[in-house]
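The values are calculated or read from the model by the stated rules, or taken from the named source; none is laboratory data. This one's a predicted model, so the numbers in the text were calculated from it and none came from an experiment. Backbone-built Cβ (ideal geometry, glycine too); neighbour counts: all protein chains shown. For the accessible areas, the whole protein counts, side chains as well, though only heavy atoms, and no ligand, DNA or RNA atoms are used. Shrake-Rupley method; radii C 1.70, N 1.55, O 1.52, S 1.80 Å.
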Amino acid sequence: MFELLSQSIQKYWNQFIIILPRLGLALTVMVLGIITVSWLSNLFQNRIASKAHDPLMGRFLGKTIHIVLIIAVCLMALSVAGMSGIAGGLLATAGASAVVIGFAFKDIAENFMAGIILAFNRPFNINETIQIDQTFGKVKDMAFRYTQIITFDGRDVYIPNSDVLKKPVINYTGNGFYRMELTVGIAYEASIGQAIDIIQQCLDNGSDLVHDDQHINFVAEDNLSVSTVDLKVYFWVTTDDYRRGALMARGKLIRSIKEAMDAADIYLPCEIYELKAYGPAKSLDIRMHTESDDLKQPQMQRKAQ
């Protein structure tokens with residue numbers, strides 16, 4: 001028994017010694033192939049990025065070519081090592097098990113196919129501001145399974161490509177312009193025409209707003225609220241940088257409107273509330289608190305001391 005085991009070990013050892021040069025050559029092919037594939041994929045990705053206006057396409061195609069070439073290098077190494085039968089078996093097994101794997105990993109396969117579709121037909125590019133469902137931010141990257149978006153509060157959100165393909169995508173940057181709006185409520189005693197003229201002047205003087213024949217900034221009466229006459233302000237901003245072009249421009253416009261209204265003595269009232277007293281009481285004691293009361297109170301406290 002021991003002699004039979006020793007003969008078997010010796011036999012396999014002799015076979016290993018025979019194929020050892022092939023294994024060394026296969027390992028060399030594998031290492032050189034991986035280095036060459038990395039160089040070629042980077043070269044191809046840089047060429048695509050320099051000639052195309054879509055960096056996401058270059059990244060996606062670069063990753064795809066990298067994976068395909070790595071598989072080819074592995075099959076070549078197996079063939080050099082004299083294991084071409086194993087390589088053929090792996091290909092046959094992969095083809096036969098593709099259906100089973102597709103059912104087992106349906107979501108992964110769906111996201112992968114959606115990523116391929118989005119790579120060639122996509123409604124956004126990198127660094128563009130988009131909204132998908134409740135996620136709002138800039139596109140950072142797109143992989144085989146997900147699209148990465150960084151929100152304006154610094155969160156990285158990874159959305160499956162199948163959701164990107166199925167759900168509506170709002171692109172705020174694609175057109176380069178975005179119309180914003182805000183509501184200004186003035187008192188009923190104020191002149192609507194005067195208020196509109198003041199706001200329109202703020203719009204015309206807004207250096208951060210868009211001024212051309214296609215994008216008109218204007219003011220219109222919107223609603224008669226309980227305590228105010230609401231004026232709706234419509235204005236256009238650029239969206240290359242959404243934070244600077246939209247959010248900060250809106251803040252500057254609000255400030256200029258508020259200062260102009262104060263200078264013209266146009267009152268911007270708060271909401272009016274109606275108080276009802278239920279029960280037997282027929283009168284309500286109301287006391288007015290003014291700034292002069294705040295000044296008198298410390299003096300009264302000093303006198304009491």
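Residues that are small (Gly, Ala, Ser) and modelled with pLDDT of 65 or more: does segment 27-39 have at least one?
yes
Looking only at segment 150-172, which residues are more than 21 Å from Thr64 (Cα to Cα), among the hydrophobic types (A, V, I, L, M, F, W, C), in contact with a Phe, Trp or Tyr (Cβ under 8 Å, 6 or more places away or on another chain) and not in a loop (DSSP other than H, G, I, E, B)?
Val169
From the list Ile286, Ile216, pick out the single residue that is among the β-branched types (Val, Ile, Thr) and modelled with pLDDT under 75.
Matching residue, one of Ile286, Ile216: Ile286.
Residues are listed down the side, and each one gets a yes or a no for (1) open to solvent by 60 Å² or more (accessible area, probe 1.4 Å); (2) modelled with pLDDT under 75; (3) assigned to a helix (DSSP H, G or I); (4) of a type in the set (D, E, K, R):
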position	(1), (2), (3), (4)
Val73	no, no, yes, no
Gly82	no, yes, no, no
Gly95	no, yes, yes, no
Ala98	no, yes, yes, no
Met113	yes, no, yes, no
Leu118	no, no, yes, no
Pro123	yes, no, no, no
Asn127	yes, no, no, no
Ile130	no, no, no, no
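Starting from segment 147-164, keep only residues that are closer than 12 Å to Gly137 by Cα and aromatic (Phe, Trp, Tyr), then list their pairs with residues that are open to solvent by 50 Å² or more (accessible area, probe 1.4 Å) and not in a loop (DSSP other than H, G, I, E, B) whose Cβ atoms are within a distance under 9 Å, requiring at least 6 positions of separation or different chains.
Correct list of pairs: Phe152/Phe136; Phe152/Lys138; Phe152/Arg243; Phe152/Leu247; Tyr158/Tyr146.
If you scan segment 196-219, which residues turn out to be open to solvent by less than 30 Å² (accessible area, probe 1.4 Å) and either small (Gly, Ala, Ser) or part of a strand (DSSP E or B) (or both)?
Gly206, Val219
Scan segment 239-259 and report the pairs whose first residue is touching a residue at least 24 places away in the same chain (Cβ under 8 Å) and whose second residue is assigned to a helix (DSSP H, G or I), with Cβ atoms within less than 7 Å and a gap of 6+ or a chain change.
Partner pairs satisfying both residue conditions: Thr239/Gly245; Thr239/Ala246; Leu253/Cys202; Ser256/Cys202; Ile257/Ile199; Ile257/Cys202.
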